[in-house]
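This report concerns only the one structure given below.
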Amino acid sequence: MPDARTPLPDSPDLLIHARWIARIESETLLENHALAISAGRIAAILPSSLARERYTPQETLELGNHLLIPGLINLHTHAAMNLMRGIADDLPLMTWLEQHIWPAERAHVSPQFVRDGTRLACAEMLRGGITCFNDMYFFPEAAAEAAAEMGMRAMIGVLALDFPSAYASDASDYLHKGLAARDAWRDHPLLHFSLAPHAPYTVSDASFEKIQTLAAQLEIPIHLHIHETRDEIAGHLQQHGCRPLARLERLGLLGPQLIGVHAVHLDRSDLDTLARHNCNIAHCPTSNLKLGSGLAPLAGMLAQGINVGLGTDGAASNNRLDMFQEMRLASLLAKGSSGDAGCVPAWQALRLATLNGAQALGLEDQIGSLEPGKQADVVAIELDELELSPCFNPVSHLVNCAGREHVSHVWIQGKCCVFDKALVHCDTVSLKNSVGLWQNRLGSSLKSGRD
């Protein structure tokens, strides 16, 4: 890959001069450097003084009080559920699902619901510096359409369940329709697909075996919820005579392609199993707390060398898609639960939200860090606000002090999606109107249910 010493074209598409640049792989903070973008990729990172001598860019942006970081990667979402934000709070997982979420989905979920909900989620995520999300929901073709329209990078899940919905009749039908969506979008530069069986308690052995075969044939990730609650594990022991991870191991699903979500209740054997198979975990601290599921053993997972990224879960169980919140909470909970104030320091929290997520998706050679040759998924955070002053350590400030409201600019594959805190490719008036219609529909059905 080229670096500051390599001859490069004299006219990059964009040259960004920043006060600080955080290079994740080496945990290096560069000061008064410039990042050059050409043809959607990072062409070079070099001192600003040298960049001014070397380049005559098509466009120059001066960000004298900003930190540049890689785009944040949301490793677990149900993006369309943004339309159900706040409809059922303060409930445990299965009560929340069975008595509120699943009935609402049966009544309302459609391609248009998913399209509008995913557009709303993309708008929220972009404004908060999230450039890539790993999704699991019904009508994946509608989610793909929305992500493409918003210019976001996404891993779209091919959902699988063993019970019918408005989308499909059984697991085979889910897979057939989801793989057709994958075929339709497989050449899009920002979209990738995974297989997304919902959870061990909603998917049969036969369906898991089919998914394992497909994942191996297609060389794509498997994305599922795992070990989220104590009741899930107790039910599994009663029905299958083993813990969920042991069943998945027997079925051949564990490996570097697996992204296990939540992983709250892990014993020593579970940690050993995840580490032995090089599995990935999507840690969702806010959702785990809000649903009363518990505290995932992040420190223990990291000590075992397990690759852990961060996710928000859906806005119906969080209730925000805010990776700044997840970074801070993941770090604080790890410190508090381990009794080690040095556990998950700021650089590591940032890595969880960027390069670790890219590795889980199998995209670490393309995104997740600011390196020449990688895709130009870049976020600028303004660090000179009063509430951020003084700033002695920009990366510490990013995790412990700043919020998504301090994101000023976002680029995905070199294209600007947020400029000076405003969405570039989104008709916000039209989007708000669409959301208002869904609020009225959902609100009416919730009111009638209460009556």
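The values are calculated or read from the model by the stated rules, or taken from the named source; none is laboratory data. A quick note: this is a predicted structure, and the numbers were derived from the prediction, not measured. Positions of Cβ are generated from backbone atoms using ideal geometry, with glycine treated the same way; all protein chains shown enter the neighbour counts. We work out accessible area using only protein heavy atoms, side chains counted, and drop any ligands, DNA or RNA first. Shrake-Rupley method; radii C 1.70, N 1.55, O 1.52, S 1.80 Å.
Worth a mention:
- Of the criteria (1) of a type outside the set (D, E); (2) crowded, with 24+ Cβ neighbours inside 10 Å; (3) farther than 17 Å from Y167 by Cα, which one M81 fails: (3)
- For segment 9-45, a tally of residues being open to solvent by less than 20 Å² (accessible area, probe 1.4 Å) and over 29 Å from the mean Cα position of the chain (by Cα) returns 1.
- Test: A353 is over 27 Å from A341 (Cβ atoms) and not acidic (D, E): no
- Residue identified as in contact (Cβ under 8 Å) with a residue 60 or more places away in the chain, in contact with a strand residue (DSSP E or B) (Cβ under 8 Å, 6 or more places away or on another chain) and surrounded by fewer than 21 Cβ atoms within 10 Å (Cβ to Cβ) among R127, R153: R127
- Condition check for T229: among the β-branched types (V, I, T) and open to solvent by 60 Å² or more (accessible area, probe 1.4 Å): no
- Options E145, E141: the member that is open to solvent by 60 Å² or more (accessible area, probe 1.4 Å), over 19 Å from I222 (Cβ atoms), in a helix (DSSP H, G or I) and not aromatic (F, W, Y): E145
- Among the residues of segment 204-222, those identified as in contact with a Leu (Cβ under 7 Å, 6 or more places away or on another chain), open to solvent by less than 20 Å² (accessible area, probe 1.4 Å) and closer than 25 Å to L93 by Cβ are F208, I211, P221, I222.
- Tally of residues being in contact (Cβ under 8 Å) with a residue 12 or more places away in the chain and assigned to a helix (DSSP H, G or I) across segment 77-124: 31
- Candidate set: segment 326-338, residues that are out of contact with any Gly (no Cβ under 9 Å at 6 or more places or on another chain) and open to solvent by less than 10 Å² (accessible area, probe 1.4 Å); chosen: the one nearest to C284 (Cα to Cα): A330
- Tally of residues being small (G, A, S) and over 18 Å from Q257 (Cα atoms) across segment 179-198: 3
One line per residue, one yes/no per condition, for (1) at positive phi; (2) touching a residue at least 12 places away in the same chain (Cβ under 8 Å); (3) among the basic types (K, R):
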| site | (1), (2), (3) |
| --- | --- |
| Q325 | no, yes, no |
| R328 | no, yes, yes |
| L332 | no, no, no |
| K335 | no, no, yes |
| P345 | no, yes, no |
| A349 | no, yes, no |
| L352 | no, yes, no |
